[in-house]
Amino acid sequence: MLDVRELTPEAFAPYGQVIAPLRTGGQGAETRYDAEASASEAKLLLGNGEPRLWIMHLPHVGLGFSRIARHRRVTQCLGSLGGKEWLIGVAPPGNLGDDARPRVEDIAAFRVPGDRLIKLHVATWHAGPHFVYDECLFVNLENLDTNRRDFQGVPLSVECRYRL
């Protein structure tokens, strides 16, 4: 059983970044916020292929997993549409080799509020998104060939389940 953690930038830092809403004045409005100087801006790596921004329509797949995957060439950004909260299991990137796999005890679980996105570091292991709804829509930013040429999935020795 995985205890579900609160999604804070500090707690999620080993796995990626939290992208929170940023109040602005609208297009062309003057603000004091400088995106180029802000440490909270998501650090994206999309140069190892053609970026793909798409909306995933997922059915409910349950609240457990026995496989975990990662992408070694690209950061991935995920967030639900419609304000629905969701869950994700993650483990640090570690060894980049083809035979690498995370230790089950290194997997952490997070509840992602419906008004947040996450950016996964390159090679962060992840399982999800998972949710309690019949279906959910997710915005997904990765590369066009991520699931074909940059997907390393491995089985886990046990099934991990979220403790809600």
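Taking the criterion of being surrounded by fewer than 18 Cβ atoms within 10 Å (Cβ to Cβ), β-branched (Val, Ile, Thr) and farther than 22 Å from Ala42 by Cβ, would at least one residue in the range 133-151 satisfy it?
Checking the range 133-151: not a single residue is surrounded by fewer than 18 Cβ atoms within 10 Å (Cβ to Cβ), β-branched (Val, Ile, Thr) and farther than 22 Å from Ala42 by Cβ.
Confirm whether Pro113 is in contact with a strand residue (DSSP E or B) (Cβ under 8 Å, 6 or more places away or on another chain) and under 27 Å from Glu50 (Cα atoms).
no
Quick check on my filter: what residues within the range 69-84 are surrounded by 14 or more Cβ atoms within 10 Å (Cβ to Cβ) and not in a strand (DSSP E or B)?
Hits for the range 69-84 are His71, Arg72, Arg73, Val74, Thr75.
Output the residue which, of all residues in the range 43-58 that are in a strand (DSSP E or B) and out of contact with any helix residue (DSSP H, G or I) (no Cβ under 8 Å at 6 or more places or on another chain), is surrounded by the most Cβ atoms within 10 Å (Cβ to Cβ). Outline the logic, then answer.
So the first thing to find is which residues in the range 43-58 are in a strand (DSSP E or B), and the list is 51-58.
From what's left, out of contact with any helix residue (DSSP H, G or I) (no Cβ under 8 Å at 6 or more places or on another chain): 51, 53-58.
On the way: Pro51: 13, Leu53: 10, Trp54: 11, Ile55: 9, Met56: 13, His57: 10, Leu58: 16.
For the range 43-58, the residue satisfying everything is Leu58.
Kindly indicate which of Cys77, Cys136 is hydrophobic (A, V, I, L, M, F, W, C) and more than 18 Å from Phe12 (Cα to Cα).
When all the criteria are applied, what remains is Cys136.
Looking at the range 99-123 only, could you name the residues that are over 29 Å from Leu81 (Cα atoms) and surrounded by fewer than 19 Cβ atoms within 10 Å (Cβ to Cβ)?
Scanning the range 99-123 gives Asp99, Ala100, Arg101, Arg103, Val104, Glu105.
Do the conditions hold for Val61, that is, is it at pLDDT 85 or above, assigned to a loop (DSSP other than H, G, I, E, B) and either of a type in the set (Lys, Arg) or under 18 Å from Thr124 (Cβ atoms) (or both)?
In short, no.
Name the residue, out of Ser40, Ser66, that is surrounded by 11 or more Cβ atoms within 10 Å (Cβ to Cβ), among the hydroxyl-bearing types (Ser, Thr, Tyr) and closer than 26 Å to Asn147 by Cβ.
When all the criteria are applied, what remains is Ser66.
The values are calculated or read from the model by the stated rules, or taken from the named source; none is laboratory data. Keep in mind it's a predicted model, so treat the numbers as computed, not measured. Counting neighbours? That spans all protein chains shown, and the Cβs are built from the backbone with ideal geometry, glycine included.
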